[in-house]
Amino acid sequence: MQSIVLELNHALDNNNNKLFDMWQNELSLRASARADINDVHNISVSKVNELEFFYRSWYFSNRKLDFIDLLLSNLQNIQVLKWLGDGPVFLLQDFWAFLPWHIVLRQPQPEKLQFIVNLYNSEYHTAMMQVVNALNLECCQYLLSRTANPELRKLFKDRESELFTNRKQTLYGFEKSQKNETYPGLYGDKIENILKALDLLEEGSIHNYHDPYCTERFYKLLAAGEEIFHSGMLEDCLAVLVDIYEDYKRKNRLVSILDDEKIHRTFYRLLRKVIPVYALLIQPLTPYELADKVYTEYFPLINRDLASLQYLAVYESIVSAFYKQNPNIMYEIYIKSSNLNKYRPFDSHLIEADEINKGIDPQRMNNFMEIIHQKISALPHESFIIMEYLRMCSMMNIISLNKQMAAKLLDHYISLWNWLPSSMFMNETINSQLAPLAGERCRFQARQICDAIAENSRPNLAGEISSRPDLFKTKDALLKRQILGAYFLGVLK
């Protein structure tokens with residue numbers, strides 16, 4: 001196509017050509033231009049003469065839409081913009097009629113649509129309504145800030161209002177611009193995490209993609225799922241991941257093998273921490289069984305992190321030790337720990353053979369505390385299970401917790417509870433065992449949480465929020481709001 005443009009310019013620059021010869025030459029070039037199948041988006045028009053050549057070649061043939069596409073690709077050129085603005089009425093009518101489809105299918109960046117403001121004329125007000133109705137919120141707000149025309153501003157404002165209303169309905173009334181309080185969690189502020197998830201879900205909407213099953217969209221949705229997990233909404237996260245996986249499983253033939261591997265790795269990385277925590281919450285006595293069932297039923301083709309699941313098997317032994325005295329429990333944990341090290345040979349053993357009778361070396365205790373700190377964000381269930389293991393060992397006098405270790409453990413339990421306010425992460429048993437050994441700050445926080453849980457039963461909270469909702473908005477009502485959220489999420493029994 002570029003060679004055709006060069007030949008055209010050469011013919012135009014040659015003043016010696018007779019009119020008939022020029023006409024004959026252009027006929028040949030027009031035929032070549034119509035037959036050329038190169039992507040029109042790669043054609044850069046630098047002169048009005050070139051634009052008019054393609055207008056004569058394409059607009060009055062079966063390539064009218066290609067010419068309009070060519071215009072859209074070159075409207076940053078002021079000469080092209082002026083040529084179109086001064087063009088015939090029928091061309092502008094076709095242009096405005098095509099533009100909504102272009103916006104929906106191509107999803108251009110807001111700055112690429114500046115020409116809408118520059119070309120607007122009240123004669124095309126009706127056609128412009130269809131164009132504005134194709135804009136997303138970002139484009140609408142961008143263009144609104146760049147026009148003083150009252151008619152056009154009203155169109156943009158009406159569209160903006162409609163999009164805000166639709167978004168509010170889609171997001172169940174959650175207003176993204178309102179954020180008066182902080183909700184600390186394991187992954188930062190939980191409201192910020194929710195806002196990120198909502199942004200990613202909006203960006204990953206099927207309406208934003210010409211190809212709704214492209215790799216980029218699946219990455220957006222998976223990132224949204226991770227932010228939902230970060231916000232402590234565990235079941236919601238798992239439901240989103242199940243939905244994404246079902247959608248992907250039906251359409252994965254449309255992505256490349258390399259992208260398919262990347263998406264599977266992303267699923268693997270998310271599920272290795274989401275499913276075990278879910279299993280611990282829902283079925284704490286036999287979490288391994290539930291985790292295996294979730295993988296089998298909902299994610300059959302995703303590889304499992306066998307070490308991550310083996311921690312659940314270890315936890316089953318720990319739970320049994322809390323409920324009943326079992327002198328052989330350490331041998332059971334030793335066997336399960338040995339299986340764990342088959343999958344992760346470089347991880348520290350939970351217990352060595354010679355430690356079963358003589359106890360765990362104090363230096364190893366420091367290693368455990370460091371492992372808990374390292375894993376708590378990446379794999380929270382593994383950190384929690386090691387924490388429970390140390391608490392069990394302390395209860396059985398296999399280890400001795402000093403003040404610093406007890407404070408660190410209690411602080412980690414509180415961090416997990418702030419993220420996901422389940423009684424599994426903070427209860428009277430944990431508090432009574434660790435608080436007396438810990439520092440004043442941790443003792444006070446743990447006591448506050450336990451007292452708040454005891455005082456705020458579900459019926460009491462339901463009555464308070466219906467009769468005195470302002471109580472939940474005060475600065476010192478964070479715990480009350482956390483517990484109310486825990487009841488709504490179903491994580492506080």
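Summary table below
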{"read-out": "Volume per residue that the Cα convex hull of segment 219-371 spans, once the total is divided by residue count, Å³", "value": "133"}
{"read-out": "Burial ranking of peptide ranges 445-451, 385-391 (average Cβ count within 10 Å, highest at the top)", "value": "385-391, 445-451"}
{"read-out": "Three-way shape call for segment 359-445 based on the alpha-carbon gyration tensor, with the a/c threshold at 1.5", "value": "oblate"}
{"read-out": "Charge sum, other residues only, whose C-beta stays under 13 Å from C442's C-beta, Lys/Arg counted +1 and Asp/Glu -1", "value": "+3"}
{"read-out": "Ordering of 344-353, 322-331 by burial proxy (mean other Cβ atoms within 10 Å per residue, highest first)", "value": "344-353, 322-331"}
{"read-out": "Among 271-279, 298-306, the order from most to least packed when residues are scored by Cβ within 10 Å on average", "value": "271-279, 298-306"}
{"read-out": "For G185, residues with placed amide H under 5 Å, excluding near neighbours", "value": "K190"}
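Every number in this text was worked out from the coordinates using simple rules, so none of it is lab data. Source: prediction; values computed, not measured. As a convention, Cβ positions derive from the backbone with ideal geometry for all residues, glycine included, and neighbour counts pool all protein chains shown.
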